[in-house]
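Trainee: I have a structure here, written as structure tokens, and I will follow up with some questions on it.
No value in this document is a laboratory result; all are computed from the given coordinates. A quick note: this is a predicted structure, and the numbers were derived from the prediction, not measured. Here the Cβ is made from the backbone with ideal geometry for all residues, glycine too, and neighbour counts use every protein chain on show.
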Amino acid sequence: MEENKIVAVKPKLTNLQIFNMSAGFFGIQFGFALQNGNASRILQTFGADVEHLSLFWLAAPLTGMIVQPIIGYYSDKTWNRFGRRRPYFLIGAILTAMALILMPNAGAMAGFLPPIIIGAGMLMIMDASINVAMEPFRALVGDKLPEEQRSFGFSMQTFLIGAGAISGSWLPYVFSEYLGASKVAAAGQVPHNVIYSFYAGAAILLLTILWTVLNTKEYPPEQMALYHAAEPEEEEQKGLWSILSDFSNMPLTMKQLGLVQFFSWFALFSMWVFTTPAIAQHIYKVLPGDTSSVKFADAGNWVGFLFGVYNGVSAIYALILPSLARATSRKIAHAFSLTAGGAGLLSIYFISNPDYLIISMIGIGLAWGSILSMPYAILSGAIPARKMGVYMGIFNFFITMPQIVNGLFGGLIVKQFYHGEAIYAIVLAGIFMILGAISVLYIQNGKEK
């Protein structure tokens, strides 16, 4: 006769507790926004051609695909005096801060290696470190929150992601327009407004991660075992080989979400890599290869401002999303959001006045807010809690793979088919975002509400 197991119920957390456990995401996204808005600009300053930008950006998905499942696996198995997920937050934050300080200063280290190599190396280190810090935050929501609070937990993360991204995206613009930092520099050098922004990003990242580490307690293993005693025990392989086993046995919902993620993140990668050259060429009429003119600086600063707008929209929208999902379904809410993002990306082609690009960013912000929360809310109810970390890490495969495909072929497509006109990469991104909206409707998920 099978022995009955006592199953405890996770207590609900207060809004302040949910905020504290997610506060580090503000700093992570602050640094991530500085990278997204300025990495292409920095690499072009150091000599990268527009058609090669996507190859340099491969650092992000390649490191994410390798790092996140491993970090997820080990954070599932970790427990020490600092907790289960928190040690990874702190290590990732320290490494990311170092990369933020060094990347815009790659030109000063030209005596050792060419600046473009150093800049690309710092981009890779930054991405790997952000992944170390970021992945356990997703798993922490599954660890700490009962099922009925998880949509709100992921939405709180999205709100803080948006708030951090606004600050990080706008900071170079603020430094140049209001604090007197120079927005132009000699050929081969990064302007002071960008350098100072990266320094500020490093400090804010460390402070917010420390806030989460010091103000969040994790459930010890014996308590987690009580909360999830009803889950069936499985005989599993030991060591990192178990990641391959878990990958092959992933839930159906996760596989179906993979197609949605492919379309969504292919589009996002195109946007991050090609928006600056696309707007510089298509709207500001900057000539190819011109990276030291005032017009190119204005285009780069305006792209940073625009990225702040879409992140601001996503932060507000994240607070509305749980209600929208309850009124319809998580699938319908996500499909609507991706459609709005696709329309926003497509509209950029038809705009000639840069001020009107703010309207495009509204649609992109709706998509971004949903991409950061709804897939995880759908997924978290379909995976076993004791493997929350490793499955959240494996799920990152469906984020990194479309970026790798785009990184390998996106620049080649821009050169061979678009004749160097990056605006058409943005058009393709809009089409892919709409395809993602269609594919989300075919997900089968028993815990839809």
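Trainee: Express in whole angstrom the spacing between the alpha-carbon centres of the stretch 330-385 and the stretch 165-229.
Mentor: Each part reduced to its Cα centre gives a spacing of 23 Å.
Trainee: For the chain, return all DSSP H helices satisfying: extent of Cα atoms along own axis at least 18 Å; mean Kyte-Doolittle hydropathy at least 1.0. Don't skip to the answer; put the middle values down first.
Mentor: On the way: long enough: 24-45 (31 Å, 0.29); 59-77 (27 Å, 0.42); 86-102 (25 Å, 1.78); 115-144 (44 Å, 0.95); 147-177 (45 Å, 0.17); 192-215 (35 Å, 1.37); 252-282 (43 Å, 0.85); 294-327 (48 Å, 0.97); 330-347 (26 Å, 0.60); 357-371 (21 Å, 2.01); 397-416 (28 Å, 1.10); 423-440 (26 Å, 2.54).
Membrane-span-like by this criterion, though nothing is claimed about a membrane: 86-102, 192-215, 357-371, 397-416, 423-440.
Trainee: Mean separation of Cα pairs under 8 Å and 6+ residues apart, divided by the residue count of the stretch 300-384: what relative contact order is that in percent? Write down the numbers at each step before the final one.
Mentor: On the way: 87 pairs, mean separation 36.0, N = 85.
Dividing the mean separation by the residue count of the stretch 300-384 yields 42 percent.
Trainee: Find the centroid of the Cα atoms in the stretch 62-78 and in the stretch 21-36, then give the distance between the two in whole Å.
Mentor: First find each Cα centre; the distance between them is then 19 Å.
Trainee: If neighbour count is taken as other Cβ atoms inside 10 Å, put Lys183, Lys144 in order from fewest to most. Kindly include the intermediate steps, with their values, before the conclusion.
Mentor: Details: Lys183 18, Lys144 21.
Fewest-to-most ranking of Lys183, Lys144: Lys183, Lys144.
Trainee: Something else: Rank the residues His192, His334, His419 as a footprinting-exposure proxy: fewest other Cβ atoms within 10 Å of their Cβ go first. Write out the running numbers ahead of the final one.
Mentor: Values: His192 19, His334 30, His419 8.
Ranked by crowding around the Cβ, least crowded first: His419, His192, His334.
Trainee: Next question, about the same structure. Excluding Ser293 itself, what net charge comes from residues whose Cβ is under 12 Å from its Cβ, given Lys and Arg +1 and Asp and Glu -1?
Mentor: Once positives and negatives cancel, what remains is +1.
Trainee: Let me ask you something else. Ignoring everything except DSSP H segments at least 4 long, calculate the 222 nm mean residue ellipticity for the chain; use -39,500 (n - 2.57) per segment, divide by total residues, nearest 500.
Mentor: Details: 18 runs with 321 residues, N = 449.
Computed mean residue ellipticity for the chain: -24000 deg cm²/dmol.
Trainee: Need one word for the chain: rounded, prolate or oblate. Basis is the Cα gyration tensor (sqrt eigenvalues a ≥ b ≥ c); a/c below 1.5 gives rounded, then a/b vs b/c decides. Please report the intermediate quantities before stating the final value.
Mentor: Numbers: a/c = 1.86, a/b = 1.56, b/c = 1.20.
It comes out prolate by the Cα gyration axes.
Trainee: Pairs Lys285/Lys415; Lys12/Lys331; Lys10/Lys255; Lys77/Lys255; Lys144/Lys255; Lys255/Lys331: which exceed 23 Å Cα-Cα? List each step's numbers first, then the result.
Mentor: Values: Lys285/Lys415 18 Å; Lys12/Lys331 25 Å; Lys10/Lys255 28 Å; Lys77/Lys255 25 Å; Lys144/Lys255 25 Å; Lys255/Lys331 15 Å.
With Cα atoms farther than 23 Å apart: Lys12/Lys331; Lys10/Lys255; Lys77/Lys255; Lys144/Lys255.
Trainee: Over the chain, what is the relative contact order in percent, taking alpha-carbon pairs closer than 8 angstrom and at least six residues apart? Intermediate results must be reported in sequence, preceding the final value.
Mentor: Values: 802 pairs, mean separation 128.5, N = 449.
Taking the mean separation of contacting Cα pairs over the length of the chain, I get 29 percent.
Trainee: Does the stretch 103-211 come out rounded, prolate or oblate by the C-alpha gyration tensor, with a ≥ b ≥ c the root eigenvalues, rounded set by a/c under 1.5 and, if not, prolate when a/b is larger than b/c and oblate if not? Kindly include the intermediate steps, with their values, before the conclusion.
Mentor: Working: a/c = 3.56, a/b = 1.80, b/c = 1.97.
Oblate shape, in that a/c is at least 1.5 and b/c is the bigger or equal ratio.
Trainee: To continue, here is another question. Which of Asp143, Asp298 comes first, and how do the rest follow, when ranked by fewest Cβ neighbours within 10 Å?
Mentor: On the way: Asp143 23, Asp298 18.
Final ranking by Cβ density, sparse to dense: Asp298, Asp143.
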